[in-house]
1. Scan the range 280-337 for residues that are within 14 Å of the ligand (Cβ to nearest atom), of a type in the set (K, R) and not in a strand (DSSP E or B) and report the count.
2. Looking for whichever is assigned by TED's automatic domain parsing to the domain that holds T284 and either of a type in the set (K, R) or within 16 Å of the ligand (Cβ to nearest atom) (or both) here; the options are R420, R355, R375. Which one fits?
3. Would it be correct to say that S40 is farther than 16 Å from T383 by Cα and at pLDDT 95 or above?
4. Name the residues in the range 270-279 that are more than 22 Å from the chain's Cα centre (by Cα) and either within 14 Å of the ligand (Cβ to nearest atom) or surrounded by 19 or more Cβ atoms within 10 Å (Cβ to Cβ) (or both), would you?
5. Given the range 212-264, what strands (runs of 3 or more DSSP E) lie entirely inside it while holding 1 or more residues that are of a type outside the set (A, V, I, L, M, F, W, C) and under 26 Å from T358 (Cβ atoms)?
6. Of everything in the range 176-222, what is more than 30 Å from T14 (Cβ to Cβ), surrounded by 20 or more Cβ atoms within 10 Å (Cβ to Cβ) and out of contact with any helix residue (DSSP H, G or I) (no Cβ under 7 Å at 6 or more places or on another chain)? Give them in sequence order.
7. When both residues are 6+ apart or on different chains and their Cβ atoms are under 6 Å apart, which pairs have a first residue that lies in the range 235-264 and is of a type in the set (V, I, T), and a second that is within 14 Å of the ligand (Cβ to nearest atom) and part of a loop (DSSP other than H, G, I, E, B)?
8. Pull up the range 358-372, narrow it to residues that are within 14 Å of the ligand (Cβ to nearest atom) and in a strand (DSSP E or B), then point me to the one that is farthest from A257 (Cα to Cα).
Amino acid sequence: MKMLVLGAGVIGTTAAWYLSQSGHEVTVVDRQTRAGNETSFANGGQISVSHAEPWANPHAPMKLVKWLARDDAPLLLRPRLDPAQWRWCVQFLIECLPSRTRHNIAQLVRLGLYSRASLQALRAETGIAYDHLQRGILHFYTDAHEFDAAQAPAQVMRDHGCEIEMIDADRCVQIEPALATARDRLVGGSFTPTDESGDAHRFTVELARLGGERGVQFLTGTRILGLTRVGDRIESVRVVDANGSPGTLRADAYVMALGSYSPLMLNKVGIDAPIYPTKGYSVTIPVGAQHTAPQVSLTDDEYKIVFSRLGDRLRCAGTAELNGYDTELNEVRCRAIVDRLFTLFPNAGDRSQVRYWTGLRPSTPSNVPLIGRSRIGNLYLNTGHGTLGWTHACGSGRALADIVSGRAPEVDFAFLGGARPKRNPAPALVNA
Ligand SMILES: Cc1cc2nc3c(=O)[nH]c(=O)nc-3n(C[C@H](O)[C@H](O)[C@H](O)COP(=O)(O)OP(=O)(O)OC[C@H]3O[C@@H](n4cnc5c(N)ncnc54)[C@H](O)[C@@H]3O)c2cc1C
């Protein structure tokens, strides 16, 4: 089939790879000059299967109230006259119900396990390099109450097949010696040895290159204006190329992977996607031989920020702000991350060369992405990946290629369009 993938972030690029592997003729369209230049550009780098508790959980409403007036809050709502924002917030509160949270964790963990196994298989097949590390993820706590509260979600994730150890402060320092400078603050941690980390942008650029070698075509510098719907089919996509010339692209079927911008396009063809942009920040610093930056990927529970070592760089990312499509760098929020980084790790890297970045997570209220066939027969969705798009890229792309090709996906997930999983998914793929 002739497929048009809309968006060359980590999600669109990975979907294009698996579609092409399934024998489809694939073209990817993006307004940027190369793949992975928007939200997939400088994220936290974690392949975080076992820390999949969504923001929407029973403890979230109280925390949100506590954080309301703080400009440096980990999760910040800036109220706007925007019905989409208010509707999203109401749906978010519903997803905080314990039964919804349990359901959502199960979805995210299943997709995560499958996705990590698919990433490992892709790495073995292609040798793709992206500063990846297989040293696990250590989520550390500085508040005893929060550490106690983490036991229950850890058990839920264990029940779904995640390897997760609750450990004391000394063991945290043993696993990541750079934490010695923060030893007095630590009360404990949860360590997930099979989680990974790596540079999502490097991965996306490399996979686009490998895909190009195998026939995937990338139309970069091409802005999508809208989809043309005729009856229950998408007939074409209206675009403007890098020279400003308008055009029309046609295919047998289309994949929506425009990240945070997906709902704007989908609305116009009558599909309501509950996706709202949640803005996050990252800082990246160079690390030399004289520095003592962490090697194991870390999550700081108190500040909700993550640290990933990417070769000779340290990436520190986090915070979420519901403020529409605004992509301005807020100085207070940037400073909060840098201050926390150097408070915990005074010798982490070169502070004079900090690079700031901000990106819009395409977030659904539950953090569960929208994957599968839409109500429009030849339009597929792979979007709304929120906080875990890098973690879920390979699994969602591979499952989508199965669905498009008429095969049962190998993972048990609530796909759109009701695609049912294979009866006996290969254990190696689900639990590797
Ligand atoms: C601070 C931060 C930290 C994060 N940390 C992690 C992490 O540690 N682990 C993890 O798993 N995930 C993490 N994420 C989430 C992850 O980065 C996202 O879920 C993922 O990048 C989303 O990918 P995407 O391809 O859907 O979106 P994008 O990467 O934004 O791709 C969408 C593409 O669509 C294109 N596009 C949009 N509109 C148009 C148009 N009109 N015409 C043409 N092209 C268009 C854009 O140019 C873009 O390339 C983090 C996110 C942030 C912000």
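The values are calculated or read from the model by the stated rules, or taken from the named source; none is laboratory data. Note that the structure is a prediction, hence the values are computed from the model and not measured. Positions of Cβ are generated from backbone atoms using ideal geometry, with glycine treated the same way; all protein chains shown enter the neighbour counts.
1. The qualifying residues number 2.
2. Selected residue: R355, the only one of R420, R355, R375 that is assigned by TED's automatic domain parsing to the domain that holds T284 and either of a type in the set (K, R) or within 16 Å of the ligand (Cβ to nearest atom) (or both).
3. Answer is no for this residue.
4. I271, the sole residue that qualifies.
5. Correct list: 223-230.
6. A178
7. Listed pairs, sorted by first residue: V239/T222.
8. Ranking the qualifying residues of the range 358-372, first place goes to T358.
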